[in-house]
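Written out below as structure tokens is the structure these notes cover.
The values are calculated or read from the model by the stated rules, or taken from the named source; none is laboratory data. Keep in mind that what you see is a predicted model, and the values were worked out from it rather than measured. Virtual Cβ from ideal backbone geometry, glycine too; neighbours counted across all protein chains shown. Each accessible area value is taken on the protein alone, full model and side chains, heavy atoms only, with ligands, DNA and RNA left out. Shrake-Rupley method; radii C 1.70, N 1.55, O 1.52, S 1.80 Å.
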Amino acid sequence: MNKIRKGDEIVVIAGKDKGKRGTVSRVMMDEGNVLVDNINVVKKHQKPNPAAGAAGGIVEMEKPLDISNVAIYNPVTDKPDRVGFKTLEDGRKVRYLKSNGEVLDA
């Protein structure tokens with residue numbers, strides 16, 4: 001079970017985009033990275049590829065962030081928060097926010 005999942009709202013806690021909030025669009029657990037919408041945008045110089053119909057030039061693209069550099073956003077405290085796991089009475093294993101105990105998975 002992953003602490004951060006697709007669709008979670010996160011806060012960047014380290015790096016050039018520190019403090020920015022965004023939504024996770026993809027989680028790559030084999031590499032330990034997350035792709036976040038409009039965060040860690042870089043410019044890439046791309047060669048034209050006539051076979052694929054791609055034009056050359058400078059394109060902007062989102063690069064993945066390491067999962068250790070992001071934290072779940074807690075709307076109650078308006079701060080980043082840590083995530084823990086607990087088992088409910090009905091046997092389900094859920095994620096919860098450590099600061100106030102709010103369950104993330106309904």
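Using the structure shown, decide if residue 57 is modelled with pLDDT of 95 or more, open to solvent by less than 50 Å² (accessible area, probe 1.4 Å) and on the phi > 0 side of the Ramachandran plot.
yes
Any residue at all in the stretch 15-33 that's at positive phi and surrounded by 11 or more Cβ atoms within 10 Å (Cβ to Cβ)? Let's see the steps before the verdict.
So the first thing to find is which residues in the stretch 15-33 are at positive phi, and the list is 15, 19, 32.
Among the residues that remain, those that are also surrounded by 11 or more Cβ atoms within 10 Å (Cβ to Cβ) are: 15, 32.
For the stretch 15-33, residues at positive phi and surrounded by 11 or more Cβ atoms within 10 Å (Cβ to Cβ): present.
Just wondering, is there one or more residues in the stretch 11-28 that are out of contact with any helix residue (DSSP H, G or I) (no Cβ under 7 Å at 6 or more places or on another chain), hydroxyl-bearing (Ser, Thr, Tyr) and in a strand (DSSP E or B)?
The answer is yes, given that some residue of the stretch 11-28 is out of contact with any helix residue (DSSP H, G or I) (no Cβ under 7 Å at 6 or more places or on another chain), hydroxyl-bearing (Ser, Thr, Tyr) and in a strand (DSSP E or B).
Give the residue that is nearest to residue 19 (Cα to Cα), with candidates limited to residues of the stretch 76-106 that are of a type in the set (Lys, Arg), touching a strand residue (DSSP E or B) at 6+ places or on another chain (Cβ under 8 Å) and in a loop (DSSP other than H, G, I, E, B).
Looking at residues that are of a type in the set (Lys, Arg), touching a strand residue (DSSP E or B) at 6+ places or on another chain (Cβ under 8 Å) and in a loop (DSSP other than H, G, I, E, B), I get 82.
Residue check, residue 44 against (1) in a loop (DSSP other than H, G, I, E, B); (2) loosely packed, with under 12 Cβ neighbours inside 10 Å, all met but one. Which one?
Condition (1) is where residue 44 drops out.
Quick check on the stretch 56-70. Is at least one of its residues in contact with an Asp or Glu (Cβ under 9 Å, 6 or more places away or on another chain), hydroxyl-bearing (Ser, Thr, Tyr) and closer than 20 Å to residue 1 by Cβ?
Looking through the stretch 56-70, none of the residues is in contact with an Asp or Glu (Cβ under 9 Å, 6 or more places away or on another chain), hydroxyl-bearing (Ser, Thr, Tyr) and closer than 20 Å to residue 1 by Cβ.
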